[in-house]
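Notes follow the structure.
The values are calculated or read from the model by the stated rules, or taken from the named source; none is laboratory data. Only a predicted model underlies this, so the values are computations on that prediction, with no experimental measurement involved. Neighbour counts are summed over all protein chains in view; Cβ atoms, including those assigned to glycine, are modelled from backbone coordinates with ideal geometry.
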């Protein structure tokens, strides 16, 4: 008759072969520290170059990997600029900060040229998106006026509709804006791919 083992005995047998590897724990911790460092950097509270310099050389690559992972996710299409506001949107500042951080982490002159191209493309995107939005509003205006007139007749008073309160307008708007975004998302993906290649070198 075989020996019946408790769950605890079976678990202990299986974990005997697993030994905690101090080096891999240190690498994991360094990567996590890198992620926190990147978030602090984006908030303007950390100096990436200084932190990398002061990190033990055995953990430096993992730290850089953590920083890179956070910064690269910040490269996205920015929100469309508000034409009535003189200051740049927060997205623009975030993207510029992420690119500066990537330059430090990647430490390759090519990333600065890629950043310059990216910022030009994103600026072009914002201009084009503003023009698209204006054209969409103009194209939909007759239909919106028709709805306003119909509602005004029903209510017995003048009614104004915010286009973004109209589900039909929102669907029309999203259809056209998503087509534009799709074109520029390809540029974002290309930038990220090039940055990854430079980081892996």
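Scanning the range 165-201 for residues that are at pLDDT below 90 and exposed (fewer than 10 other Cβ atoms within 10 Å of the Cβ), we see that the one that is nearest to residue 98 (Cα to Cα) is 200.
Does residue 154 satisfy the condition of being more than 30 Å from residue 28 (Cβ to Cβ) and part of a helix (DSSP H, G or I)? So residue 154 fits the description; yes. Would a scan of the range 129-148 turn up a residue that is in a helix (DSSP H, G or I), surrounded by 11 or more Cβ atoms within 10 Å (Cβ to Cβ), free of Cβ contacts under 8 Å to residues at least 24 places away in the same chain and touching a helix residue (DSSP H, G or I) at 6+ places or on another chain (Cβ under 6 Å)? Checked the range 129-148: no residue is in a helix (DSSP H, G or I), surrounded by 11 or more Cβ atoms within 10 Å (Cβ to Cβ), free of Cβ contacts under 8 Å to residues at least 24 places away in the same chain and touching a helix residue (DSSP H, G or I) at 6+ places or on another chain (Cβ under 6 Å).
The set of residues in the range 66-91 being touching a helix residue (DSSP H, G or I) at 6+ places or on another chain (Cβ under 8 Å), at pLDDT 90 or above and either crowded, with 17+ Cβ neighbours inside 10 Å or within 30 Å of residue 133 (Cβ to Cβ) (or both) consists of 66, 67, 68, 70, 71, 72, 74, 75, 76, 77.
Checked against (1) more than 28 Å from residue 65 (Cβ to Cβ); (2) surrounded by fewer than 14 Cβ atoms within 10 Å (Cβ to Cβ); (3) touching a residue at least 12 places away in the same chain (Cβ under 8 Å), residue 153 passes all but condition (3). Quick check on residue 115: is it closer than 26 Å to residue 101 by Cβ and buried (at least 16 other Cβ atoms within 10 Å of the Cβ)? Considered against the rule, which asks whether it is closer than 26 Å to residue 101 by Cβ and buried (at least 16 other Cβ atoms within 10 Å of the Cβ), residue 115 comes out as yes. Within the option set 103, 120, being over 20 Å from residue 44 (Cα atoms) and at pLDDT 90 or above holds for one residue only, 120.
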